[in-house]
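The values are calculated or read from the model by the stated rules, or taken from the named source; none is laboratory data. Quantities reported herein were computed from a predicted structural model and do not represent experimental measurements. So basically every Cβ, Gly included, is an ideal-geometry build from the backbone, and we count neighbours across all protein chains shown. Note: accessible area is taken over every heavy atom of the protein model, side chains too, but ligands, DNA and RNA are not part of it. Shrake-Rupley method; radii C 1.70, N 1.55, O 1.52, S 1.80 Å.
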Amino acid sequence: MFRFLRRRNAEAPDNAETAEPVDVHAEAADRATRFWQRWDHLLPEIASALGDSVPQRIESLVAEALAEVHPNLTFAIEHGEKAVYALVISAQADPGLRPYTDAWRAAAPAADTLWEYHDSVPPVPDPTEVTVNLRGEKYPLADVRVVAQVYEAEGLVDVAVYHPGFSGLEENARRALTFLPLDATLGERLAADRLGRVETAELEPEGAIGLLELRELVRELDRTASAPTES
């Protein structure tokens, strides 16, 4: 499940100015608790659907339960990294939803051999082994080259992404092939936290690096930016 890193925040409701203040974190924690209670109740039905290889049988049930945490969250049930299945929810890089995904993850049961839980789309183990299908054509992510400009003070990296297949794609597909490698390489949360401006490069830039090199660069920046400062 890969999605665009940037999306416009939802508009505030008409009565936002007159609404009573809400303790978002307390509300999120309460909603998360209710979700996991409902998830536990749904597990036998979910297991049956997955065992029958008919996941669509329970998609609406999980979607309804997750909507009670927040209606703008999305989810996917995938193969787990260590468990058989992974339940992955996504805020699609909307910072306003972070309290809800944080609360959801904090209240989640411990992972076991059957289920693991992710509060954002995780990176794939090796993005250079991934091939994206767009408009009936295949685009290996091993061909992606990236120029990265690091801003240590801000803790951000601006990137320009190049793929030799860009020339044959229309704008929306080219945009998809710009963002998909970044999601696959960094995972949703790290990309949202550490990527600044993202551009599409029509020609291969000088000094470009591969996706695995980009991953190490951004992870190192994240470690540095997240380290506590000495008082």
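Listed here are the residues, each with its yes/no results for (1) of a type in the set (Asp, Glu); (2) free of Cβ contacts under 8 Å to residues at least 60 places away in the same chain; (3) closer than 30 Å to PRO99 by Cα.
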| residue | (1), (2), (3) |
| --- | --- |
| LEU141 | no, no, no |
| GLU154 | yes, yes, yes |
| PRO181 | no, yes, yes |
| LEU190 | no, no, yes |
| GLU202 | yes, yes, no |
| PRO205 | no, no, no |
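When you check GLY165 against the structure, is it open to solvent by less than 70 Å² (accessible area, probe 1.4 Å) and in contact (Cβ under 8 Å) with a residue 40 or more places away in the chain, yes or no?
Against the criterion (open to solvent by less than 70 Å² (accessible area, probe 1.4 Å) and in contact (Cβ under 8 Å) with a residue 40 or more places away in the chain), GLY165 does not qualify.
Suppose we filter GLU137, GLU152, GLU206 for residues that are open to solvent by 70 Å² or more (accessible area, probe 1.4 Å) and under 13 Å from VAL218 (Cβ atoms); which single one remains?
Residue meeting the stated conditions: GLU152.
Given the criteria in contact with a Lys or Arg (Cβ under 7 Å, 6 or more places away or on another chain), surrounded by 19 or more Cβ atoms within 10 Å (Cβ to Cβ) and in a helix (DSSP H, G or I), does THR178 qualify?
Here the answer is no, as THR178 does not meet what is asked.
Would you confirm whether or not segment 195-218 contains a residue that is in contact with a strand residue (DSSP E or B) (Cβ under 9 Å, 6 or more places away or on another chain), assigned to a helix (DSSP H, G or I), within 23 Å of ALA91 (Cβ to Cβ) and not aliphatic (A, V, I, L, M)?
No - not one qualifying residue is present in segment 195-218.
Considering ALA192, ALA160, ALA225, which residue is open to solvent by less than 50 Å² (accessible area, probe 1.4 Å), under 22 Å from ALA93 (Cα atoms) and assigned to a strand (DSSP E or B)?
Exactly one of ALA192, ALA160, ALA225 is open to solvent by less than 50 Å² (accessible area, probe 1.4 Å), under 22 Å from ALA93 (Cα atoms) and assigned to a strand (DSSP E or B), namely ALA160.
Out of all the residues in segment 65-122, which are assigned to a loop (DSSP other than H, G, I, E, B), without any contact (Cβ under 8 Å) to a residue 24 or more places away in the chain and either buried (at least 19 other Cβ atoms within 10 Å of the Cβ) or not aliphatic (A, V, I, L, M) (or both)?
Across segment 65-122, the qualifying residue is only PRO71.
Counting only residues that are modelled with pLDDT of 95 or more, among the β-branched types (Val, Ile, Thr) and either surrounded by fewer than 18 Cβ atoms within 10 Å (Cβ to Cβ) or under 12 Å from ILE89 (Cβ atoms) (or both), how many does segment 27-61 have?
1
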